[in-house]
Amino acid sequence: MGNDTLTVTDNRTGLSYQLPITDGSVLAKDFRQIRASEGDFGLMVYDPGFTNTASCRSAITNVDGESGILEYRGYPIEELAEHSTFLETAFLLIHGDLPSKPELDQWVHEITFHTYVHENVKKFVEGFQYDAHPMGMLVGTVAALSTFYPDAKHVDDPQARNIERQRLIAKLVSIAQFVYRHNLHLLSV
């Protein structure tokens, strides 16, 4: 298999297995081939608290919490926070590069077109308990957005996904403001 493998010897059976190493990790499902007997389900990997489990491979985000590193598309978060707007950063995440002036102008126009938030979304936010956690209210409201846009179910259509992405970016700030105001209003009563 080559040098980028891990050889595991099962002391129960004496059999050895070579597991491929990709990006410094092995796939947990590759351990399933290691079985003590014919009817065995296969070896499982147990990682309490996911302290040594990579959940995904990402070309967008690099996170190393122990070293204090958070990068988006190679840009340190500190640099983006200081020099880029919310919409520039959103463009970067989606398209891979920071926008040029003409790209940014077009992007701002596309997002601005979708900023209107339906009155029923406001009513939805008002339906939350006064002491609900703001993040729970935000997540619940974002999840409910798809019910206001029937075309959101067309996940295989790139154009529909693009519009939904623009809607979400456009409405998220307003929804966060609704949640914040709802929380403040009811807490101050």
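The values are calculated or read from the model by the stated rules, or taken from the named source; none is laboratory data. Remember, predicted model here, so these are calculated numbers, not experimental data. Here Cβ is always computed from backbone atoms with ideal geometry, including for glycine, and neighbour counts include all displayed protein chains.
General observations
- Of residues in the stretch 7-30 being among the hydrophobic types (A, V, I, L, M, F, W, C) and farther than 27 Å from GLY65 by Cα, the one surrounded by the fewest Cβ atoms within 10 Å (Cβ to Cβ): LEU15
- Annotation note: of THR85, THR89, the sole residue that is among the hydroxyl-bearing types (Ser, Thr, Tyr) and either touching a residue at least 12 places away in the same chain (Cβ under 8 Å) or touching a Gly at 6+ places or on another chain (Cβ under 7 Å) (or both) is THR89.
- The set of residues in the stretch 21-44 that are among the β-branched types (Val, Ile, Thr) and modelled with pLDDT under 90 contains only THR22.
Every residue, every condition in (1) within 30 Å of THR112 (Cα to Cα); (2) aromatic (Phe, Trp, Tyr); (3) not assigned by TED's automatic domain parsing to the domain that holds TRP107, yes or no:
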| residue | (1), (2), (3) |
| --- | --- |
| LYS29 | no, no, yes |
| GLN33 | no, no, yes |
| GLY68 | no, no, no |
| PHE91 | yes, yes, no |
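- Filter result for GLY42 (surrounded by fewer than 13 Cβ atoms within 10 Å (Cβ to Cβ), outside any helix (DSSP H, G or I) and in contact with a helix residue (DSSP H, G or I) (Cβ under 6 Å, 6 or more places away or on another chain)): yes
Table: residues versus (1) surrounded by fewer than 14 Cβ atoms within 10 Å (Cβ to Cβ); (2) over 23 Å from THR89 (Cβ atoms); (3) among the aromatic types (Phe, Trp, Tyr).
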residue: ASN120; (1), (2), (3): yes, yes, no
residue: LYS123; (1), (2), (3): yes, yes, no
residue: ALA152; (1), (2), (3): no, yes, no
residue: ASP157; (1), (2), (3): yes, yes, no
residue: ILE163; (1), (2), (3): no, no, no
residue: GLN166; (1), (2), (3): no, no, no
residue: ALA170; (1), (2), (3): no, no, no
residue: ASN183; (1), (2), (3): no, yes, no
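- Taken together, the residues in the stretch 97-115 that are touching a residue at least 24 places away in the same chain (Cβ under 8 Å) and assigned to a loop (DSSP other than H, G, I, E, B) amount to 4.
- Among the residues of the stretch 90-108, the ones that are over 14 Å from PRO76 (Cα atoms) and more than 16 Å from the chain's Cα centre (by Cα) come to 10 in all.
- Each residue in the stretch 79-99 was checked for being of a type in the set (A, V, I, L, M), out of contact with any Asp or Glu (no Cβ under 9 Å at 6 or more places or on another chain) and crowded, with 17+ Cβ neighbours inside 10 Å, and 3 of them qualify.
- Taken as a whole, the structure leaves GLY127 outside the set of residues that are of a type in the set (Gly, Ala, Ser) and at pLDDT 95 or above.
- Pairing residues of the stretch 44-60 that are within 18 Å of VAL8 (Cα to Cα) with residues that are small (Gly, Ala, Ser), at Cβ distances under 8 Å and at least 6 apart in sequence or on separate chains, gives MET44/ALA28; VAL45/ALA28.
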